[in-house]
Amino acid sequence: MTIIELESTHSTNTYAAKLAPQPDMPYIIRADFQDLGRGQGDHSWESEPKKNLLFSIVFEPKHIPVDKNFFVSKFIAFCLMETIRKYNAPAMIKWPNDILVKGRKIAGILIENTIYGNSIKRCISGIGLNINQDIANKEFNAISLKEITGKEQNISVVLNDFIDVFNKNYYLLNKEGFQFINKVYFNNLFKFNQSALFMSRGSQFEAKIIDVRDDGHLVLQKSSGKLESFSFGEIEYLFSK
Ligand code: BTN
């Protein structure tokens, strides 16, 4: 797989979006540093130079309808979780597509799709994976691979691990693979089917995650039995419970 390596850029997702499509798909844009790294919503993504894995993988999935776009997120979250598990870290997926280890965030994903007609044409999946930065004892609820394994890790080796998992499983990214992707996503989804505390529009409530729809909405069942669905940004997890 072609890897375009950059010392520094604003954001590998922005760089990938501006770059003319490369002949051999998929390809990767990787940077040692981003001065305007972007997270989901209006969040930024900050990372010390050369400490973490920052990259975007660009690919053209076939036949993914727009209303099932969340399968791409589920697939990338699965690949990332498997990569981290190679290091014996008990990684889990937190909706929509964060990766947690021991309740702390180790990686985030920012997916930006180009739509053509009713399908996804091109997908830019930006991944930030904490590798060698010391973060667990700061106020963030985050952790790095070094903190889990107790030793520095080679960032390029971790990227190659990801590429291996991605290549081996890429065939799943079509209609036939949806069922399997859903199975692994729900089997490894943080707080799935368990009572947990959430906060939405200023009020706190207890509920169970019972589904994540194909368009990415989170479906909760409140203690009253009532079902409600939320998009990203409308709901927050409260970790204290
Ligand atoms: C999140 O959890 O909010 C998503 C974070 C995604 C960060 C990665 S780092 C590489 C790529 N380039 C960006 O600007 N963002 C993504």
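The values are calculated or read from the model by the stated rules, or taken from the named source; none is laboratory data. Being a predicted model, the structure only gives us computed values, none of them experimental. A quick note on method: Cβ atoms are made from the backbone with ideal geometry, for glycine too, and the neighbour counts reach across all protein chains shown. Heavy atoms of the whole protein, side chains included, go into the accessibility calculation; ligands, DNA and RNA do not. Shrake-Rupley method; radii C 1.70, N 1.55, O 1.52, S 1.80 Å.
Considering only region 103-139, how many residues are hydrophobic (A, V, I, L, M, F, W, C) and outside any strand (DSSP E or B)? Write out each step before concluding.
Here is the first cut: in region 103-139, the residues hydrophobic (A, V, I, L, M, F, W, C) are 106-107, 109-111, 115, 120, 123-124, 127, 129, 131, 135-136.
Imposing the further condition that a residue be outside any strand (DSSP E or B) reduces the set to 131, 135-136.
Summing the residues that are hydrophobic (A, V, I, L, M, F, W, C) and outside any strand (DSSP E or B) in region 103-139 gives 3.
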- [ ] Looking at (1) open to solvent by less than 40 Å² (accessible area, probe 1.4 Å); (2) within 15 Å of the ligand (Cβ to nearest atom); (3) under 30 Å from Ile210 (Cα atoms), find the lone condition where Phe71 falls short.
- [x] (2)
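If a residue has to be open to solvent by less than 20 Å² (accessible area, probe 1.4 Å) and either among the charged types (D, E, K, R) or at pLDDT 90 or above (or both) to count, how many in region 134-153 make the cut?
Taking region 134-153 first, the residues open to solvent by less than 20 Å² (accessible area, probe 1.4 Å) are 135, 142-145.
Add one more test, that the residue is either among the charged types (D, E, K, R) or at pLDDT 90 or above (or both), and what stays is 142-145.
Matching residues across region 134-153 total 4.
The rows are residues; the columns are (1) touching a residue at least 60 places away in the same chain (Cβ under 8 Å); (2) open to solvent by 20 Å² or more (accessible area, probe 1.4 Å); (3) more than 14 Å from the ligand (Cβ to nearest atom).
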position: Ala16; (1), (2), (3): yes, no, no
position: Asp24; (1), (2), (3): no, yes, yes
position: Phe33; (1), (2), (3): no, yes, no
position: Arg85; (1), (2), (3): no, yes, yes
position: Ile99; (1), (2), (3): no, no, no
TODO: Have a look at Asn13, Asn97, Asn52 and point out the one that is under 18 Å from the mean Cα position of the chain (by Cα), at pLDDT below 95 and within 30 Å of Leu218 (Cβ to Cβ).
DONE: Asn97
Task: Filtered residue count, region 104-129, keeping only those that are touching a residue at least 12 places away in the same chain (Cβ under 8 Å) and open to solvent by 20 Å² or more (accessible area, probe 1.4 Å) - done: 11
